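Some notes on the structure that comes next.
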Amino acid sequence: KAEARQQRAGPLLESFRAWLSETQMQVAPKSGIAKAIGYALNRWKALTLYLEEGQLSIDNNPVERALRGVAIGRKNFLFVGNDAGGERAASFYSVIETCKLNGIEPFAYLCDMLEKLPTWPNKRLHELLPWNWKKTALP
């Protein structure tokens, strides 16, 4: 994948980079387009990393899809009560989406965690992370 990307997309990206650099010199430094060009050029290594790493995706569509539910419910979050409530809600959404990404049923995971956490040894907390979790007996 990396070799094919370097052959096909590499020259296009280099052409785009040259255009960005050239255009940056022609626009007002504090204009919106100058800021956008600066943003792209400052993150060029991250933008082109997928050329070198075949396992990386060219886009972040899976992440965007995972966050869609949170974005759709945004107006509902006005009623979390206060900042601390919003932070707790964000933590729960993060855990739930992490479970989904790891093929774990979130409700089963949360039930098991709430049951285990009060007596679980601190040095073994890593076992309870969603990607390490297995429904096991209490310690």
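The values are calculated or read from the model by the stated rules, or taken from the named source; none is laboratory data. These figures come from a predicted structure and were not determined experimentally. A quick note on method: Cβ atoms are made from the backbone with ideal geometry, for glycine too, and the neighbour counts reach across all protein chains shown. Heads up: the accessible areas ignore ligands, DNA and RNA and are worked out on the full protein's heavy atoms, side chains in. Shrake-Rupley method; radii C 1.70, N 1.55, O 1.52, S 1.80 Å.
Quick check on segment 15-71: of everything there that is under 24 Å from Arg5 (Cβ atoms), in a helix (DSSP H, G or I) and among the β-branched types (Val, Ile, Thr), which residue is modelled with the lowest pLDDT?
Val63
Looking at segment 48-71, I want the residues that are closer than 20 Å to Val95 by Cβ and have a partner that is in a helix (DSSP H, G or I) and open to solvent by less than 60 Å² (accessible area, probe 1.4 Å) with Cβ atoms under 7 Å, at least 6 apart or on another chain. Which pairs are those?
Ala66/Glu97
(1) open to solvent by 50 Å² or more (accessible area, probe 1.4 Å); (2) β-branched (Val, Ile, Thr); (3) over 13 Å from the mean Cα position of the chain (by Cα): which one isn't true of Val63, the others all being true?
Tallying (1) open to solvent by 50 Å² or more (accessible area, probe 1.4 Å); (2) β-branched (Val, Ile, Thr); (3) over 13 Å from the mean Cα position of the chain (by Cα), Val63 fails exactly one: (3).
Out of Lys116, Lys100, report the one residue that is assigned to a helix (DSSP H, G or I), basic (Lys, Arg), at pLDDT 90 or above and in contact with a helix residue (DSSP H, G or I) (Cβ under 7 Å, 6 or more places away or on another chain).
On the way: Lys100 fails: at pLDDT 90 or above.
After ruling out the rest, the residue left standing is Lys116.
Please specify each residue of segment 72-85 satisfying the condition of being in a helix (DSSP H, G or I) and either of a type in the set (S, T, N, Q) or at pLDDT 80 or above (or both).
Residues satisfying the conditions are Asn76, Asp83, Ala84, Gly85.
Please specify each residue of segment 1-14 satisfying the condition of being in contact (Cβ under 8 Å) with a residue 12 or more places away in the chain, of a type in the set (Lys, Arg) and outside any loop (DSSP other than H, G, I, E, B).
Correct list: Arg5 only.
Identify, please: which residue in segment 40-60 is open to solvent by 80 Å² or more (accessible area, probe 1.4 Å) and more than 19 Å from the chain's Cα centre (by Cα) and is, among those, nearest to Arg8 (Cα to Cα)?
Glu52
Test Ala108 against the stated conditions and say whether it is among the small types (Gly, Ala, Ser), open to solvent by 40 Å² or more (accessible area, probe 1.4 Å) and in contact with a helix residue (DSSP H, G or I) (Cβ under 9 Å, 6 or more places away or on another chain).
Values: among the small types (Gly, Ala, Ser): yes; open to solvent by 40 Å² or more (accessible area, probe 1.4 Å): no; in contact with a helix residue (DSSP H, G or I) (Cβ under 9 Å, 6 or more places away or on another chain): yes.
In short, no.
Check segment 83-102 and report whether any residue there is of a type in the set (D, E, K, R), open to solvent by 70 Å² or more (accessible area, probe 1.4 Å) and over 20 Å from the mean Cα position of the chain (by Cα).
Scanning segment 83-102, I find at least one residue that is of a type in the set (D, E, K, R), open to solvent by 70 Å² or more (accessible area, probe 1.4 Å) and over 20 Å from the mean Cα position of the chain (by Cα), so the answer is yes.
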